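Here the structure comes first, spelled out in structure tokens, and everything after it is commentary.
The values are calculated or read from the model by the stated rules, or taken from the named source; none is laboratory data. This structure is a prediction, so every number in the text was calculated from the model and none was measured. Glycine gets a Cβ as well: all are built from the backbone with ideal geometry, and neighbour counts include every protein chain shown. Just so you know, the surface numbers come from the protein's heavy atoms only, side chains and all, with ligands and any DNA or RNA stripped out. Shrake-Rupley method; radii C 1.70, N 1.55, O 1.52, S 1.80 Å.
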Amino acid sequence: MPVTFTEFLLDCRRRTDHVLDTVLAQSDSPYTQQSSELPLAGIHQALRYSLLAGGKRVRPVMAYAAASATKNQTSANDLDYIAAAVECLHCYSLIHDDLPAMDDDDLRRGIPTCHIAFDEATAILAGDALQSKAFELLSKLNQTPATTVVAIIETLATASGSQGMVGGQYIDLKATGQRIDLEQLTGMHNLKTGALIRAAARMGALAGAANPHQLQAIDSAADAMGLAFQVVDDILDIESDTKTLGKKQGADNKLNKSTFPALLGMDASKNLAKSLHEQALAALIPLGPPAEHMRNLASYIIRREY
Ligand code: GRG
């Protein structure tokens, strides 16, 4: 049983990576099961390349932390599949976000982006396959009541679609080069970045059989944590460096994107991150000591260096 947050974080990452490695290894055959004539090694290499390249695994950790905040026994196996599913969905969004038609980046997680290492068509298909894999993994939940599994699937589907992450990305692309106000910027990031982080917490809480009060507390904490994550992302894009970030520093500025520091200034952006952190901690008060990992994750999100 992990004690410190660092141990918890490492344990969550290890568990997530184990599932990802296992499920990808099962599909890593160079050929389909149906026919030994159809080579598939390239697409499977691309999936493994992007998914197993590291990453902080913040969304999986969020799911584990939310489940532990409910105090209820949760099936470890089912939680592992939820964690791996949300990471697959996230990784698909990163691969597609890096494409020339989107942000056109050539570095991610410290290595060349998927379309640079392979090719554009392979990267599009790898993203598509990871999205499908996410829902395939959720279909493996067998210790969770069926109605809860449906609610978990609905949570991920809604959060990642046009009223969630994809919608936020669409607004981002349309807003590039234009002046938008703080309300619009916040709304966009609540969808683009926040929706999946909120979904991760909600899926963990649902798997942990959260009661309506717990669910409400976890939802509002995750809401603040999701936005804080993006504010910090914008700050790091200015104050950090390419090596630490594992992606191009200054990319937002280069693309003429609206960001929190651009709109508010650096000091006000740091204050906003602090106040979102406080909001998250306040929302978690009713959950008491079992929400310790959620509290620590909220702190990790605003103190992270990459
Ligand atoms: C093209 C159909 C289609 C959909 C695209 C690309 C996309 C939908 C959405 C993009 C969403 C996106 C990339 C949001 C950015 C969120 C963000 C700050 C990502 C970085 O996450 P980290 O720092 O990365 O957790 P690691 O590598 O640590 O996992």
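For the chain, calculate the relative contact order in percent as a whole number, restricting contacts to Cα pairs under 8 Å that are 6 or more residues apart.
21 percent
Express in nm, to one decimal, how much length is gained between D104 and D181 on full extension, taking 0.36 nm for each residue of separation and deducting their alpha carbon distance.
That pair, D104 and D181, stretches by 25.2 nm at full extension.
Which whole number in µm²/s is D for the chain by Stokes-Einstein, with the Kirkwood Rh taken over Cα pairs at 25 °C and 0.890 mPa s? Could you put the intermediate results ahead of the total?
Working: Rh = 19.6 Å.
Diffusion coefficient, whole number: 125 µm²/s.
Using Cα-only point scatterers and the Debye equation, what is log10 of I(q)/I(0) for the range 153-306 at each q in 0.13, 0.21 Å⁻¹, rounded to two decimals?
Normalising to I(0) and taking log10 leaves -0.61, -1.37.
Could you state the accessible area per residue of the chain in Å², with a 1.4 Å probe and every protein chain left in place?
Working: 14030 Å² over 306 residues.
Counting only protein heavy atoms, the per-residue value for the chain is 46 Å².
So what's the convex hull volume per residue for the Cα atoms of the range 234-306, in Å³? Don't skip to the answer; put the middle values down first.
Working: hull volume 6.3 nm³, N = 73.
For the range 234-306, the hull spanned by Cα atoms encloses 86 Å³ per residue.
Which values, in whole Å and largest first, are the semi-axes of the equivalent ellipsoid of the range 57-97 obtained as the square root of 5 times each eigenvalue of the Cα gyration tensor?
Computed over the range 57-97, the values are 23, 10, 5 Å.
Mind jotting down the distance between the C-alpha centroids of the range 86-126 and the range 214-270, whole Å?
If we compute the Cα centre of each part, the gap is 20 Å.
In straight Cα distance, which lysines are under 25 Å from K257, not counting same-chain residues fewer than 8 positions off?
Straight-distance partners of K257: K56, K174, K192, K243, K247, K248, K270, K274.
Over its Cα atoms, what ratio of radius of gyration to 2.2 N^0.38 Å does the range 65-146 give?
1.35
Dipole of the chain (Lys/Arg Cβ +1, Asp/Glu Cβ -1, origin at the Cα centre): which of Y81, L287, H44 lies farthest to the positive side?
L287
Report relative contact order for the range 77-195 in percent, whole number only (criteria: Cα-Cα under 8 Å, sequence separation at least 6).
25 percent
Compute for the range 182-271: radius of gyration divided by Kirkwood radius, i.e. Rg/Rh, restricted to C-alpha atoms, rounded to two decimals.
So for the range 182-271, dividing Rg by the Kirkwood Rh gives 1.06.
Ignoring ligands, DNA and RNA, please state the percent of accessible area on the chain from carbon and sulfur, probe 1.4 Å.
54 percent
Just to verify a number: FRET efficiency for S132 and R304, C-beta to C-beta distance, R0 = 30 Å, to 0.05?
Calculated transfer efficiency: 0.50.
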